[in-house]
Amino acid sequence: MMKNKRFSLKINDNSYSKLLNYISYKTKDEGKSLIKVNKYYASSKICSVCGNKKEKLALSERTYKCECGNIIDRDINAASNIAYEGLRIHYTNLIKQEAGTALLAW
Ligand SMILES: [Zn+2]
């Protein structure tokens with residue numbers, strides 16, 4: 001089944017969707033929230049130390065090197081950026097909730 005590219009993509013999409021549903025269910029069950037980062041967020045191209053964004057980064061470049069001196073594994077750099085983006089989204093949502101609560105208090 002996985003040899004047929006078109007069919008295997010559907011299987012992978014379905015598996016990913018099931019994984020997300022399971023994670024969403026488990027986080028709600030634990031009283032926590034799931035924050036999804038935009039799939040087009042350039043996590044690999046952004047320096048996790050200074051925020052500089054590279055225009056191009058070949059997939060063969062496994063080590064991220066920035067002008068600021070940051071040299072880090074590409075995947076760890078991307079994971080750090082995804083964590084920062086998730087926290088940014090989380091705190092932005094908290095601020096919006098606080099603002100909504102403050103408006104209701106008037
Ligand atoms: Zn940098």
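Taken over segment 59-80, the residue count meeting the criterion of being in a strand (DSSP E or B) and either in contact with a Ser or Thr (Cβ under 7 Å, 6 or more places away or on another chain) or under 11 Å from Ser48 (Cα atoms) (or both) is 5. Contact map, segment 18-40: residues that are in contact (Cβ under 8 Å) with a residue 24 or more places away in the chain paired with residues that are charged (D, E, K, R) and open to solvent by less than 80 Å² (accessible area, probe 1.4 Å), Cβ distance under 7 Å, separation 6+ or inter-chain. Pairs shown: Val37/Glu85.
Looking across segment 44-55, the residues that are within 13 Å of the ligand (Cβ to nearest atom) and either among the β-branched types (Val, Ile, Thr) or under 17 Å from Ala83 (Cα atoms) (or both) come down to Lys45, Ile46, Cys47, Ser48, Val49, Cys50, Gly51, Asn52, Lys53.
Scanning segment 56-106 for residues that are open to solvent by 60 Å² or more (accessible area, probe 1.4 Å), over 23 Å from Lys36 (Cα atoms) and within 14 Å of the ligand (Cβ to nearest atom) turns up Thr63, Lys65, Glu67, Cys68, Ile71. Selection within segment 12-35: residues that are surrounded by 11 or more Cβ atoms within 10 Å (Cβ to Cβ) and assigned to a loop (DSSP other than H, G, I, E, B). The member of this set that is farthest from the ligand (Cβ to nearest atom) is Leu34.
The values are calculated or read from the model by the stated rules, or taken from the named source; none is laboratory data. If you're wondering where the values come from, they're calculated on a predicted model, not measured in any experiment. So basically every Cβ, Gly included, is an ideal-geometry build from the backbone, and we count neighbours across all protein chains shown. Only protein heavy atoms, including side chains, enter the accessible area calculation; ligands, DNA and RNA are left aside. Shrake-Rupley method; radii C 1.70, N 1.55, O 1.52, S 1.80 Å.
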